[in-house]
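*Asks:* One structure coming up, written as structure tokens, with questions to follow.
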Amino acid sequence: MVLTNLMDGKLYQYNRNSDTSPYDDEDITEVPIKLCPYNQDLKVAFGVYSHPEATGYFIVKGNVDIRQGDEIEFKGERHSVLEIKDNWIFNKIVNITILVK
């Protein structure tokens, strides 16, 4: 559950069409999303959320189709998705934590 006011961002999904090559650099889908940004220095750097290359992370709702290698644009800056963690409550994904670089 996200308990903050979510902000607007864009998700750039790469290679979602099965009929194209997995290395097709023109298969890009732009999806508007709502997200909650955090800096690397605001988070606790231990456990499952630590990554040596991460510069920050975002939290999005659990129904967002996001994969490793996609990009998030927030406030004019693009961030590459390094790692994705699902957050579960009562056998349901409520939100997704995304580590970005």
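*Asks:* What pairs can you find where one residue is in region 58-80 and closer than 15 Å to E30 by Cα and at pLDDT 90 or above, the other is outside any strand (DSSP E or B) and of a type outside the set (S, T, Y), and their Cβ atoms are less than 7 Å apart, with a gap of 6+ or different chains?
*Replies:* What qualifies is H79/K101; S80/K101.
*Asks:* For region 51-101, give me each residue that is among the hydroxyl-bearing types (S, T, Y) and assigned to a strand (DSSP E or B).
*Replies:* Of everything in region 51-101, those that are among the hydroxyl-bearing types (S, T, Y) and assigned to a strand (DSSP E or B) turn out to be Y57, S80, T97.
*Asks:* Here's a follow-up. So is V2 modelled with pLDDT under 70, aliphatic (A, V, I, L, M) and surrounded by fewer than 10 Cβ atoms within 10 Å (Cβ to Cβ) or not?
*Replies:* no
The values are calculated or read from the model by the stated rules, or taken from the named source; none is laboratory data. Note that the coordinates shown come from a computational prediction; the quantities given were computed from them, not determined experimentally. Cβ: placed from backbone, ideal geometry, glycine included. Neighbour counts: every protein chain shown.
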